[in-house]
Amino acid sequence: MSQPLPPLRWTRLYSVGHPALDAQHRRLFVLINDLVGLQQADATAQRQAVIDTLPRLGKYAERHFKAEELLMARAGADHLDAHREKHRALLAQVQQLQGEIDAGKQPPFHELLLFLRYWLAEHILVTDKRYAPAMATLLMAGELSEAAAEQAAEAELW
Ligand SMILES: [Fe+2]
(Lines give C-alpha, C1' and ligand atoms only; values in the text may rest on other atoms or scores of the structure.)
Protein backbone atom coordinates (compact mmCIF):
# COMPACT_ATOMS: atom_id res chain seq x y z
CA MET A 1 0.00 0.00 0.00
CA SER A 2 1.20 3.53 -0.78
CA GLN A 3 2.33 5.84 1.99
CA PRO A 4 -0.61 7.75 3.50
CA LEU A 5 -0.66 11.35 2.33
CA PRO A 6 -0.49 14.10 4.94
CA PRO A 7 -3.35 16.60 5.02
CA LEU A 8 -2.91 19.82 3.08
CA ARG A 9 -1.75 22.52 5.44
CA TRP A 10 -2.49 26.11 4.54
CA THR A 11 0.50 28.31 5.33
CA ARG A 12 1.38 31.88 4.34
CA LEU A 13 3.15 30.41 1.36
CA TYR A 14 -0.31 29.91 -0.15
CA SER A 15 -1.47 33.47 0.51
CA VAL A 16 -2.59 35.32 -2.62
CA GLY A 17 -2.71 38.67 -0.86
CA HIS A 18 -6.47 38.93 -0.40
CA PRO A 19 -8.15 37.75 2.83
CA ALA A 20 -11.43 36.65 1.22
CA LEU A 21 -9.67 34.62 -1.46
CA ASP A 22 -7.31 33.09 1.10
CA ALA A 23 -10.34 32.10 3.19
CA GLN A 24 -11.97 30.48 0.14
CA HIS A 25 -8.76 28.59 -0.64
CA ARG A 26 -8.65 27.35 2.96
CA ARG A 27 -12.21 26.10 2.58
CA LEU A 28 -11.11 24.12 -0.49
CA PHE A 29 -8.27 22.69 1.61
CA VAL A 30 -10.81 21.58 4.22
CA LEU A 31 -12.99 19.87 1.62
CA ILE A 32 -10.03 17.94 0.23
CA ASN A 33 -8.73 17.15 3.72
CA ASP A 34 -12.12 15.59 4.54
CA LEU A 35 -11.12 12.94 2.03
CA VAL A 36 -7.45 12.81 3.04
CA GLY A 37 -8.66 11.96 6.56
CA LEU A 38 -10.33 8.80 5.27
CA GLN A 39 -7.23 6.98 4.03
CA GLN A 40 -7.53 4.33 6.72
CA ALA A 41 -11.30 3.91 6.23
CA ASP A 42 -12.74 0.96 4.33
CA ALA A 43 -13.37 1.13 0.60
CA THR A 44 -17.16 1.55 0.99
CA ALA A 45 -16.77 4.56 3.29
CA GLN A 46 -14.18 6.06 0.93
CA ARG A 47 -16.40 5.57 -2.09
CA GLN A 48 -19.35 7.19 -0.32
CA ALA A 49 -17.22 10.12 0.87
CA VAL A 50 -16.07 10.77 -2.70
CA ILE A 51 -19.68 10.64 -3.93
CA ASP A 52 -20.64 13.17 -1.22
CA THR A 53 -17.63 15.46 -1.40
CA LEU A 54 -16.85 15.79 -5.09
CA PRO A 55 -20.05 17.66 -6.07
CA ARG A 56 -19.58 20.00 -3.08
CA LEU A 57 -16.00 20.61 -4.09
CA GLY A 58 -17.02 21.29 -7.69
CA LYS A 59 -19.78 23.72 -6.70
CA TYR A 60 -17.64 25.54 -4.19
CA ALA A 61 -14.73 25.79 -6.62
CA GLU A 62 -17.06 27.21 -9.27
CA ARG A 63 -18.29 29.96 -6.93
CA HIS A 64 -14.78 30.67 -5.73
CA PHE A 65 -13.43 30.93 -9.28
CA LYS A 66 -16.15 33.46 -10.15
CA ALA A 67 -15.29 35.56 -7.09
CA GLU A 68 -11.60 35.35 -7.90
CA GLU A 69 -12.10 36.36 -11.53
CA LEU A 70 -14.22 39.33 -10.45
CA LEU A 71 -11.56 40.56 -8.04
CA MET A 72 -8.85 39.98 -10.63
CA ALA A 73 -10.80 42.14 -13.08
CA ARG A 74 -11.23 44.84 -10.44
CA ALA A 75 -7.52 44.71 -9.63
CA GLY A 76 -6.60 44.95 -13.31
CA ALA A 77 -4.61 41.72 -12.99
CA ASP A 78 -2.79 40.49 -16.10
CA HIS A 79 -3.62 37.24 -17.87
CA LEU A 80 -7.26 37.18 -16.79
CA ASP A 81 -8.39 35.29 -19.90
CA ALA A 82 -5.68 32.65 -19.53
CA HIS A 83 -6.49 32.31 -15.84
CA ARG A 84 -10.20 31.95 -16.61
CA GLU A 85 -9.30 29.23 -19.07
CA LYS A 86 -7.37 27.35 -16.34
CA HIS A 87 -10.42 27.55 -14.06
CA ARG A 88 -12.60 26.16 -16.82
CA ALA A 89 -10.13 23.31 -17.39
CA LEU A 90 -10.03 22.49 -13.66
CA LEU A 91 -13.82 22.39 -13.46
CA ALA A 92 -13.93 20.24 -16.59
CA GLN A 93 -11.50 17.78 -14.96
CA VAL A 94 -13.72 17.53 -11.89
CA GLN A 95 -16.78 17.13 -14.11
CA GLN A 96 -15.10 14.35 -16.06
CA LEU A 97 -14.18 12.63 -12.82
CA GLN A 98 -17.76 13.05 -11.66
CA GLY A 99 -18.98 11.42 -14.87
CA GLU A 100 -16.66 8.45 -14.34
CA ILE A 101 -17.84 8.06 -10.76
CA ASP A 102 -21.49 8.28 -11.83
CA ALA A 103 -20.75 5.48 -14.31
CA GLY A 104 -19.38 3.37 -11.44
CA LYS A 105 -15.75 3.79 -12.48
CA GLN A 106 -14.28 5.35 -9.40
CA PRO A 107 -10.50 5.77 -9.56
CA PRO A 108 -8.39 4.33 -6.73
CA PHE A 109 -8.75 6.52 -3.65
CA HIS A 110 -5.04 7.30 -3.38
CA GLU A 111 -4.88 8.42 -7.01
CA LEU A 112 -7.88 10.63 -6.55
CA LEU A 113 -6.29 12.30 -3.51
CA LEU A 114 -3.06 12.89 -5.40
CA PHE A 115 -5.02 14.44 -8.24
CA LEU A 116 -7.08 16.76 -6.01
CA ARG A 117 -4.11 17.86 -3.92
CA TYR A 118 -2.11 18.67 -7.01
CA TRP A 119 -5.16 20.29 -8.67
CA LEU A 120 -5.51 22.77 -5.82
CA ALA A 121 -1.97 23.33 -4.57
CA GLU A 122 -0.41 23.75 -8.01
CA HIS A 123 -3.12 26.16 -9.13
CA ILE A 124 -2.71 28.41 -6.09
CA LEU A 125 1.08 28.32 -5.92
CA VAL A 126 1.73 28.76 -9.62
CA THR A 127 -1.27 30.48 -11.21
CA ASP A 128 -3.06 32.37 -8.42
CA LYS A 129 0.17 33.72 -6.98
CA ARG A 130 0.69 35.74 -10.16
CA TYR A 131 -2.17 38.08 -9.30
CA ALA A 132 -1.02 38.66 -5.70
CA PRO A 133 0.78 41.96 -6.42
CA ALA A 134 -2.26 43.35 -8.26
CA MET A 135 -4.48 42.24 -5.37
CA ALA A 136 -2.22 43.92 -2.82
CA THR A 137 -2.42 47.14 -4.82
CA LEU A 138 -6.22 46.86 -4.93
CA LEU A 139 -6.37 46.41 -1.17
CA MET A 140 -4.03 49.30 -0.53
CA ALA A 141 -6.05 51.56 -2.79
CA GLY A 142 -9.17 50.55 -0.87
CA GLU A 143 -7.57 51.32 2.46
CA LEU A 144 -6.23 54.62 1.26
CA SER A 145 -9.54 55.76 -0.13
CA GLU A 146 -11.24 54.72 3.12
CA ALA A 147 -8.70 56.74 5.07
CA ALA A 148 -9.21 59.63 2.68
CA ALA A 149 -12.99 59.40 3.18
CA GLU A 150 -12.51 59.45 6.95
CA GLN A 151 -10.25 62.46 6.68
CA ALA A 152 -12.80 64.24 4.54
CA ALA A 153 -15.56 63.43 7.04
CA GLU A 154 -13.41 64.75 9.87
CA ALA A 155 -12.56 67.86 7.93
CA GLU A 156 -16.26 68.54 7.48
CA LEU A 157 -16.79 68.41 11.24
CA TRP A 158 -14.33 71.22 11.73
FE1 LIG B 1 -7.39 30.80 -9.69
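The values are calculated or read from the model by the stated rules, or taken from the named source; none is laboratory data. Here the structure is a predicted model, which is why all the values come from computation and not from measurement. With ideal geometry, Cβ positions are generated from the backbone for all residues, glycine too; neighbour counts draw on all protein chains shown. The protein model used for the area step is the full one, side chains on, heavy atoms only, and it has no ligands, DNA or RNA in it. Shrake-Rupley method; radii C 1.70, N 1.55, O 1.52, S 1.80 Å.
Around the Cα centre of the stretch 1-76, unit charges on the Cβ atoms of Lys, Arg, Asp and Glu (plus for the first two, minus for the last two) sum to a dipole of about 200 debye.
Taken about its Cα centre, the chain carries a charge dipole of about 560 debye when Lys and Arg each add +1 at the Cβ and Asp and Glu each add -1 at the Cβ.
Residue farthest toward the positive end of the dipole of the chain, with Cβ of Lys/Arg at +1 and Asp/Glu at -1: which of 50, 87, 64? Checking the options against the dipole of the chain, the answer is 50. In the chain, a dipole from Cβ-located charges (positive for Lys and Arg, negative for Asp and Glu) runs towards its positive end, and of 3, 136, 23 it is 3 whose Cα lies farthest in that direction.
Round to a whole number: what % of the accessible area of the chain belongs to carbon and sulfur, probe 1.4 Å?
Numbers: 5480 of 9710 Å².
Looking at the chain in its full context, I get 56 percent from C and S.
Once the 1.4 Å probe is applied to the protein heavy atoms, the chain comes out at 61 Å² accessible per residue.
Each residue of the stretch 7-15 is assigned a 3J(HN,Hα), and the resulting list reads x, 6, 10, 6, 10, 4, 4, 8, 5 Hz, derived from the Karplus form 6.51 cos²θ - 1.76 cosθ + 1.60 (θ = phi - 60°), x at Gly and Pro. Rounded to the nearest 20 debye, the dipole size of the stretch 41-113 about its Cα centre is 200 debye, using +1 on the Cβ of Lys and Arg and -1 on the Cβ of Asp and Glu. Per residue of the chain, the DSSP helices (runs of n ≥ 4 H) give a summed -39500 (n - 2.57) that works out to -25500 deg cm²/dmol at 222 nm. Rounded to the nearest Hz, the phi-derived 3J(HN,Hα) couplings of the stretch 20-35 under the Karplus curve 6.51 cos²θ - 1.76 cosθ + 1.60 (θ = phi - 60°) are 5, 6, 4, 5, 5, 4, 4, 5, 5, 4, 4, 4, 6, 5, 4, 7, where x marks glycine and proline. Of all lysines in the structure, the ones whose alpha carbon falls short of 26 Å from that of residue 66, not counting any fewer than 8 places away in one chain, are 86, 129.
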